[in-house]
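The values are calculated or read from the model by the stated rules, or taken from the named source; none is laboratory data. It should be emphasised that the depicted structure is a prediction, and the values quoted were computed from it without experimental measurement. Counting neighbours? That spans all protein chains shown, and the Cβs are built from the backbone with ideal geometry, glycine included.
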Amino acid sequence: MTLTHHVRVYRSEEPLPAAEQLAVKIAEVAADPVAVEPAVVDMIVNRVIDNAAVAAASLNRAPIVAARAQALAHPVSRGGAGSTLFGLDGADGSDGADGSASLTSPEWAAWANGVAVRELDYHDTFLAAEYSHPGDNIPPILAVAQHVGADGAALVRAIATGYEIQMDLVRAICLHRHKIDHVAHLGPSAAAGIGTLLGLDAPVIAQAVAQALHTTTATRQSRKGEISTWKAHAPAFAGKMAVEAVDRAMRGQTAPAPIYEGEDGVIAWMLDGPDAAYEVPLPAPGEPKRAILDSYTKEHSAEYQAQAWIDLARRLGAQRPELRDPANIERIVLHTSHHTHVVIGSGANDPQKYDPAASRETLDHSIPYIFAVALQDGGWHHVDSYAPERAARADTVALWQKVVTAEDAEWTRRYHSEDPAEKAFGGRVEILLAGGGRIEEEIAVADAHPLGARPFARADYVRKFRLLAEPVLAPAEIERFLALVQRLPELTAAEVRGLNLVAAPGVLERGVAAHPEAQGGLF
């Protein structure tokens, strides 16, 4: 059964044995050689497909072009065979089309591939006390697996650990209340997953976990106001730091301790302070790691709290086409959770959320914009819905300015509920019509949620992959990847190196031509 660990701050003169420190307990979970249950294996396959899908759609976006160029500037390190980069054919160790090496050191592959996975805000999510995208664990773990020659079974076990640790931390420890970015839970989880992959002893993993946490705490300003391209880089940076932390720990280097509980540690000075206490759930010894089954992916390329609202808006627009005309609307109020209201709603007090010239990253975090566009268009597209000309359309701007959010105590309670049957990420819409009258509808979870109208299954992940990959991958490459990844637990080390996407001829060159500034860095 799951064990709940009481975690608090200790004064320097108080004894806290190493075995009682949270970093060590995390490491013990990572080192536990428990088998991975079939349902978890199946979901891991789904999420590897999901990550690859959104990475494919991002291959030529500026942050990915830049991150890939950075990675290619770093040769394969001496400790292994190197890691592949999304878009380039490096599975056989060959050179890229331009004559440059297409493999890189694992920390740089974690960086470039992590940016590709995160750029469109279109992969999986888990929301509890904190927010997370646990699929961010996959790029650093896969990069190390390719570098050291791990097989598919080892990779599956490692990914199960990464999801478990991040999601258990997310269940218990809130970061955003103190304006700390959510990737502070990702650094430790990725380090733990890599520790599982390599079969490291718990004391070594504990040092890596603590180092990863120490180097990945940052403010949430990256998700405030005019949101920059760093939003995609932040989790990739955490994955890169996790790889480097494991490397240092394997070389006998130690970390600040106790990193969570210390008098000058993370909890005391970055989170709830010296009187804080948390109850952190972790699997008991011998208990399978099942956390991934509680996570959920996205049907739409937008912040997760927008998923249900997109589904409701497209339904309302289809049923009542007159709602698409701002002349017919006096006001639209989205009654929702505290998080939705203050992070992506009008409660954030960010004027950029109503700015037609705002960046894609900002529009992705504006539920007034997203609801207006989904209502008018009857759907959501990962590119077209964010196009500058779409955001600037006069009737959309007029409708958008009429959408506000309001915190509702009941939807906040349901958002934080531990009961999956009532946990909700939506709310109630109240549409006040210009000619008088009112329309009210509500939605608790997105259609694609496990409890939604159309829960995502393997066929949906495959369909999403095909949709996003077809513009950039040759048909044979799509079929190759799908056939390979669905055999994940059986893959040999050589086949794990093939868990990559090779862009069709000319695709990446178009990205470089569109973003020449990405080639002008220091390296």
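State all residues of the stretch 1-33 that are assigned to a strand (DSSP E or B) and at pLDDT 95 or above; if no residue qualifies, say none.
Listed by number, the residues that qualify are LEU3, THR4, HIS5, HIS6, VAL7, ARG8.
Here are some residues: VAL36, VAL48. Which one is of a type in the set (A, V, I, L, M, F, W, C) and part of a helix (DSSP H, G or I)?
When all the criteria are applied, what remains is VAL48.
Among the residues of the stretch 235-267 satisfying the criterion of being more than 20 Å from LYS25 (Cα to Cα) and buried (at least 24 other Cβ atoms within 10 Å of the Cβ), which is nearest to the chain's Cα centre (by Cα)?
PRO235
If LEU508 satisfies all but one of (1) crowded, with 21+ Cβ neighbours inside 10 Å; (2) without any contact (Cβ under 8 Å) to a residue 40 or more places away in the chain, what's the number of the condition it fails?
The number of the failed condition is (2).
Could you please give the count of residues in the stretch 201-233 that are part of a helix (DSSP H, G or I) and either crowded, with 24+ Cβ neighbours inside 10 Å or modelled with pLDDT under 95 (or both)?
16
Tell me yes or no: at least one residue of the stretch 455-474 is over 25 Å from the mean Cα position of the chain (by Cα) and within 30 Å of ALA73 (Cα to Cα).
yes
Using the structure shown, decide if TRP400 is touching a residue at least 60 places away in the same chain (Cβ under 8 Å), farther than 20 Å from SER222 by Cβ, crowded, with 22+ Cβ neighbours inside 10 Å and not assigned by TED's automatic domain parsing to the domain that holds PRO63.
no
Touching a residue at least 60 places away in the same chain (Cβ under 8 Å), small (Gly, Ala, Ser) and in the same structural domain as VAL280 (by TED's automatic domain parsing): does that describe ALA172?
Yes.
Would you pick out the residues in the stretch 353-395 that are farther than 23 Å from ILE431 by Cα, within 26 Å of the chain's Cα centre (by Cα) and outside any loop (DSSP other than H, G, I, E, B)?
Passing the criteria: ARG360, GLU361, THR362, ASP384, TYR386, PRO388.
Restrict the check to the stretch 451-473 and report whether at least one residue is under 27 Å from GLY317 (Cα atoms), crowded, with 16+ Cβ neighbours inside 10 Å, of a type in the set (Asp, Glu) and out of contact with any His (no Cβ under 8 Å at 6 or more places or on another chain).
Checked against the condition, which is being under 27 Å from GLY317 (Cα atoms), crowded, with 16+ Cβ neighbours inside 10 Å, of a type in the set (Asp, Glu) and out of contact with any His (no Cβ under 8 Å at 6 or more places or on another chain), the stretch 451-473 yields at least one hit.
Six or more apart or on different chains, Cβ under 9 Å: which pairs go from a residue in the stretch 214-234 that's on the phi < 0 side of the Ramachandran plot and assigned by TED's automatic domain parsing to the domain that holds TYR354 to one that's part of a helix (DSSP H, G or I) and buried (at least 20 other Cβ atoms within 10 Å of the Cβ)? Could you list them?
Every condition considered, no pair remains.
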